[in-house]
Amino acid sequence: MGRVQDKICLVTGAASGIGRETALLLAEQGARIILADLNQEAGQKVAAEIDASGGQAIFFKHDVASEESWVSVVEKSVEHFGKIDVLINNAGVLLMKPIQETTEEDWSFVNNINTKGVFFGVKHVLAAMKESKGGSIVNISSIYGMIGAPGSSAYQASKGAVRLFTKSAAVEYSEHNIRVNSVHPGIIATPMTDDVLADEDFTQAALGSAIIRRPAHPKEIAWGVLFLASDESSFMTGSELVIDGGYTAT
Ligand SMILES: NC(=O)c1ccc[n+]([C@@H]2O[C@H](COP(=O)([O-])OP(=O)(O)OC[C@H]3O[C@@H](n4cnc5c(N)ncnc54)[C@H](O)[C@@H]3O)[C@@H](O)[C@H]2O)c1
């Protein structure tokens, strides 16, 4: 038996990085996976990888910033697998810009995906979870949703919003046996951080305050997400799981 045996898990941003590793790990642990991402080619590759290793996965092209797209993805997921037990709201974008250079367009771009996308996901999956008498929702925030850092204010505001929205949803839906938690990764080596980690000065500064001074592999986040998706975390809701090499401890 896997740790999430027979659970139906919807993972957004599943074509790359943390989402991809999470989808692969959940599948390895017995879940059936709905992969949702804007990147169709890479998403379909992950689905094929899961199928080839004996799991079951389906890919849907999806824009988390579009409410219409959410309605369609949830409907197609329930049609395909019959229910949704777990939602991993992982899709996100990073923008590095000082506040004075951040335009209204920049702000909306980041917050529409990172914050509104999470709101839409929770909003539209609730009916399916209520129908199946429970579920687990994991929202991927960041250490930048907990502490400040220079040059990424729109991103930090979006991740701070996810942190508190998670607690609101946990309180509002606890009576339906739906748990909602957030995950706060530190610096993880994924395509999102390729550019910033190529800058030696940034990397040294960014990792300077961590206890474990290296970027993490995305699988090190996926293990935490797996725990929150599984029934092993049955007493956790409205909580923050920080996986940051000790960055916020110092
Ligand atoms: N990499 C890090 O250091 C780090 C740290 C803390 C938090 N995070 C968070 O983890 C999550 C995953 O990041 P990652 O590092 O794996 O990034 P990534 O760039 O490797 O993957 C992000 C995925 O999201 C998809 N995506 C982007 N916009 C989308 C949209 N509108 N609709 C659907 N899919 C969309 C992309 O196509 C991509 O596949 C993000 O929410 C990110 O903010 C990352």
Number of the condition not met by Ile140 [criteria: (1) closer than 18 Å to Gly13 by Cα; (2) within 13 Å of the chain's Cα centre (by Cα); (3) more than 9 Å from the ligand (Cβ to nearest atom); (4) of a type outside the set (Lys, Arg)]
(3)
In the range 50-90, the residues that are in a loop (DSSP other than H, G, I, E, B) and without any contact (Cβ under 8 Å) to a residue 60 or more places away in the chain:
Ser53, Gly54, Gly55, His62, Asp63, Val64, Ala65, Ser66
Pair list, Cβ < 6 Å and 6+ apart or interchain, from the range 25-44 residues that are at negative phi and in a loop (DSSP other than H, G, I, E, B) to residues that are more than 10 Å from the ligand (Cβ to nearest atom) and not charged (D, E, K, R):
Gln29/Gly2; Gln29/Val4; Ala31/Val4; Ala31/Cys9
Verdict on Ala127 being in contact with a strand residue (DSSP E or B) (Cβ under 9 Å, 6 or more places away or on another chain) and either at pLDDT below 95 or more than 10 Å from the ligand (Cβ to nearest atom) (or both):
no
Considering only the range 1-11, how many residues are within 11 Å of the chain's Cα centre (by Cα) and away from the ligand (no atom under 16 Å from the Cβ)?
0
Here the residues within the range 164-200 that are among the charged types (D, E, K, R) and more than 16 Å from the chain's Cα centre (by Cα) are Glu172, Glu175, Asp194, Asp195, Asp199, Glu200
Give me the pairs: first residue in the range 150-163 and free of Cβ contacts under 8 Å to residues at least 24 places away in the same chain, second residue assigned to a loop (DSSP other than H, G, I, E, B), beta-carbon distance under 8 Å, and six or more apart or on different chains, which are they?
Gln156/Ser142; Gln156/Gly148; Gln156/Ala149; Gly160/Ser141; Gly160/Met146
Looking for whichever is within 15 Å of the ligand (Cβ to nearest atom), modelled with pLDDT of 95 or more, of a type in the set (Phe, Trp, Tyr) and closer than 24 Å to Leu26 by Cα here; the options are Phe109, Phe119. Which one fits?
Phe119
For the range 215-238, state whether one or more residues are on the phi > 0 side of the Ramachandran plot and touching a residue at least 60 places away in the same chain (Cβ under 8 Å).
yes
Considering residues that are of a type in the set (Val, Ile, Thr) and more than 10 Å from the ligand (Cβ to nearest atom), the number found within the range 12-54 is 3
Take the conditions at pLDDT 95 or above and either exposed (fewer than 15 other Cβ atoms within 10 Å of the Cβ) or within 14 Å of the ligand (Cβ to nearest atom) (or both) and apply them to Val86. Does it pass?
no
For Asp231, are the conditions met, namely being under 27 Å from Ile8 (Cα atoms) and either touching a Cys at 6+ places or on another chain (Cβ under 8 Å) or surrounded by fewer than 20 Cβ atoms within 10 Å (Cβ to Cβ) (or both)?
yes
Could you tell me which numbered condition Val196 fails, if it satisfies all but one of (1) surrounded by fewer than 19 Cβ atoms within 10 Å (Cβ to Cβ); (2) among the β-branched types (Val, Ile, Thr); (3) over 23 Å from Gly17 (Cα atoms)?
(3)
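The values are calculated or read from the model by the stated rules, or taken from the named source; none is laboratory data. Every value quoted in this text rests on a predicted model; they were computed, and no experiment measured them. Neighbour counts run over all protein chains shown; Cβ positions are idealised from the backbone, glycine included.
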